[in-house]
Structure formats: C-alpha cells, structure tokens
C-alpha cells in the first residue's frame, strides 16, 4: 500500500490527504474483519470496530421518527454508485469537491461500509455499537442515499431478531439499554421493548423511557405523551435525548403547537446536523404554518432546503410546504408574500409555478385578493403558451381584480382564459368570476315600472325653516302610492 506522508517540511494538499485517508479506510474495511480481537468478551464496552465510522465528516446520527408512513419509508431496493458519490461529495472538504480523486475515494469508503453494515459480523458488536451503525446509515439517507436506506431497513430487521435472542445480561449495561430505546424509536419491533421490561433484574434504564417508547410505536398516543412529557430530554445523553425530544414534539401536535415547537428546538439543539434535526425541521414547517407565522415558516423552510434538500424524505417536506400554502392564503399580513416568495424561489421552476398557483387559488378562495394577485403575477411568467397553468394564472388574476378600479384589467385577463384548458373546479370558478363581472358592468334594470324610483328636490333651501317639509310630503305620497299598489295587487291575487 502506498504511504501518504509529508516530504520534508512540505505538507500534502488537503484533497490528497483526504483521498489517502478514505482510500486507506476502504482497503481496511474490505480486508479486515469487523472485530480484530478474537478474545473480546460479549460485554466488552469500549471496542471500536472500524466499520462503525461510515465516512469522515459524518457524525453518528439518529434514526428518523417512527411515525413515517409506508410511502415515507419507500426507497429503491438497490442502490447505485451515484448514491455513494452524493454522500462523498457532501462530506468532504468543500474546497475538494471538484477533485475526482477525493470523490472517488469517498465513494469507495461509503460502498465498503454499506457492504459491511449488514454483514454477519455485526452480531459480534455490542448493541450500542450496532445501533450506531444504523445511525450512520440513516445519516446517509439525509444525504439522499437510497443504498443506505435499503441497508438500514435490512439491518433493523436483523437487529430485531438479534436483540430478542441476545444474553439478557447485555441489557444490564446502561449504554446497551439506551441503545435498545433508540432502536425502538428508530423503527424497531415492540417485542424488543417487551422483553426488556420483563427482565429480572431489570434493564439498566428508566422504565418510563421503555414504556413510553412502547406506547408510542404501538400507537397509544395519549399514554405515550403522559409518560414521556415529564422527561426532560436535556438531562439525557444527546443521542437519546434528541430522539425523545422529537417524539415529544410529534405527540404534542396538533393539540399544543407551542409545546411542540419547544420540543422541536430541543431536538435540533441536541443533535444538530443529524437526521433527527431533518425530521424536526419538517415538522417545524407545519407548526409555523398552523401558527400563521410566515417569518418563522420562512426561517425553518430555508434551513431545511439549504441543508437537507437531498434527503430521502424531501417529498414529505414538499407535501407539508404545499399544505402551508393553503393555510397562508388567509394571511392578511402585507409582508406574507415577500417572506413566502424567498422560500419558493429555492425550488425548481416547475415546483415554483405550482406553489405560486396553489397560493393564488387558496388566497382567492379565502377572499385575500391582494395575496392572490401577487402570487398569480409571479406564476404567469413561468407558464407556457396555451397551457393549463397559463389559463389558471389569467383566471386568478381576473378574480383578484374584481373591483371598480381594475375592472378593465380583470376583463382582459378573463378573455385570455381558454376554458378548455381548465379543470372542472377552475371552470366553475371562471363562471362565478364572469357572473360577478357582468353584474358590475351594468346596473340591473327592472321589468316592472312600479319598482322604479325618482329624485325630488326640497321646496326650500337646506337649513331654512321648514325645508324638510317638502321632502316629507313627497315621502308620504310615495308611501301612499305603494300601499295602494300592494292592496290592489293583493285583491287581484284573491280573485
């Protein structure tokens, strides 16, 4: 193997050092068993298997919350080399990302680790080390690696069986017992938790954490909240405290949004840059929208998009963002559009167009014509001629200009709408807008002369004595005529 050492007093460039380190790690993982010492005992605490460090620059991270739906957890069953390349590029020194040798070395290290993550030798590790391997794989899913996602799922299933069969004495070690709770909250099987609760002597962990984790993953939300709420995550080790804080936030939503926001910030504080923070930020977006706080929404959304935009769970973030556009349609804050626009601009062109139109429609339905107009104006330049999105933009602009000052502009936009390009929902909206416009353009005429009206002037100048008398006389005469008309009409209907 080629040794990478400095020659004399001159140091090698940073990218060469990284390439050498990553290449050495890859070769070591490929050729060395996970546990080199054959005389290690099952309860040895401080063994540091080389396969645990997935790639330089990635800290041990926790799993995403276990509330994910099947769609959230879905991923490609087989990974690609591009996945590893993505991870490598995002974990090396930013100055070295354009260096092919450094990236290739990072790819090799990542692929080697993922191969070893589900190797049978993982059974020889202590549980806290096994969970750490899961955490490292989950960290790579935040970078967009479907290969790591697939390996993570296989390893969690394997650890479910392994933890049920392992020597009960292992759980008398505090690190291992904490790892079991992390495993449960990372998608582990409830049977693991039930086994630990049945041990005598008990596992070396607060029973409330085990019972709360079990209630959470078994869907007993009220019970889980009552057990976990009194626990302060800041008093726990960060790897466990961050996960507990995230679960507390999930359990508090949507009943107590302020409490959920506090728990979200605790999770981010305990595990910055982790997949726990990624999941916390996604939920923070929903909380900010529910609180109708566009500035908070802007802050959380920008943080997510600039740090976790390649995450496997990015589709969930986009879904939450779209729902938020519907909520903000009712906002009367004049700065709302500017704050939302700064976030929408981070999306690709197609997504921006869709979000602008969604915001414009939601605002128009809510009666917020100012926000609807701004969003529709932003969407129009992004549309193609004769497209549905162009027809929708003109339609929403027409609807947002239904007042006396902009009536002509509203008509011009409405005439540009091609009804055939609209959905059934928008066609109905177009009919309503056209109906309102037609009523504004012409005063409705009465078909019955009896419903007409006339103007009369006073006999004397305003302010002079008795000037009201003439108006009152005319009013009384009009009332008498009305009474006569009504009585005649009533008699005619009785004949």
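The values are calculated or read from the model by the stated rules, or taken from the named source; none is laboratory data. Note that this is a predicted model, so its numbers are computed, not measured. Cβ atoms come from the backbone with ideal geometry, glycine included; neighbour counts cover every protein chain shown.
Figures for the structure shown
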read-out	value
Failed item, numbered, when residue 281 is tested on (1) touching a helix residue (DSSP H, G or I) at 6+ places or on another chain (Cβ under 7 Å); (2) over 20 Å from residue 251 (Cα atoms); (3) in a helix (DSSP H, G or I)	(2)
Qualifying residue in segment 387-403 (condition: at pLDDT below 90, more than 32 Å from the chain's Cα centre (by Cα) and not in a loop (DSSP other than H, G, I, E, B))	no
Residue within segment 330-348 that is crowded, with 24+ Cβ neighbours inside 10 Å and over 19 Å from residue 290 (Cα atoms) present	no
Failed criterion for residue 217 (all others in (1) under 24 Å from the mean Cα position of the chain (by Cα); (2) farther than 22 Å from residue 138 by Cα hold)	(2)
Residue match in segment 262-269 (condition: more than 11 Å from the chain's Cα centre (by Cα) and assigned to a loop (DSSP other than H, G, I, E, B))	no
Single unsatisfied condition, residue 195 versus (1) over 26 Å from the mean Cα position of the chain (by Cα); (2) assigned to a loop (DSSP other than H, G, I, E, B); (3) closer than 21 Å to residue 159 by Cβ	(2)
Among the candidates 179, 142, 120, 151, residue that is within 17 Å of residue 275 (Cα to Cα) and modelled with pLDDT under 85	142
Unique residue being closer than 19 Å to residue 203 by Cα, modelled with pLDDT of 55 or more, more than 25 Å from the chain's Cα centre (by Cα) and surrounded by fewer than 22 Cβ atoms within 10 Å (Cβ to Cβ) when the list is 162, 158	162
Subset of segment 140-155 (residues that are buried (at least 24 other Cβ atoms within 10 Å of the Cβ) and within 16 Å of residue 179 (Cβ to Cβ))	152
Conditions (1) touching a helix residue (DSSP H, G or I) at 6+ places or on another chain (Cβ under 8 Å); (2) surrounded by fewer than 20 Cβ atoms within 10 Å (Cβ to Cβ): number failed by residue 179	(2)
Residue satisfying condition, being free of Cβ contacts under 8 Å to residues at least 60 places away in the same chain, in a helix (DSSP H, G or I) and closer than 21 Å to residue 161 by Cα, within set 208, 203, 179, 249	179
Within segment 222-246, tally of residues that are in a helix (DSSP H, G or I) and surrounded by 14 or more Cβ atoms within 10 Å (Cβ to Cβ)	15
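Conditions tested, residue by residue: (1) assigned to a helix (DSSP H, G or I); (2) crowded, with 22+ Cβ neighbours inside 10 Å; (3) at pLDDT 95 or above.
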site: 255; (1), (2), (3): no, no, no
site: 272; (1), (2), (3): no, no, no
site: 286; (1), (2), (3): yes, yes, no
site: 295; (1), (2), (3): yes, no, no
site: 305; (1), (2), (3): yes, no, no
site: 316; (1), (2), (3): yes, no, no
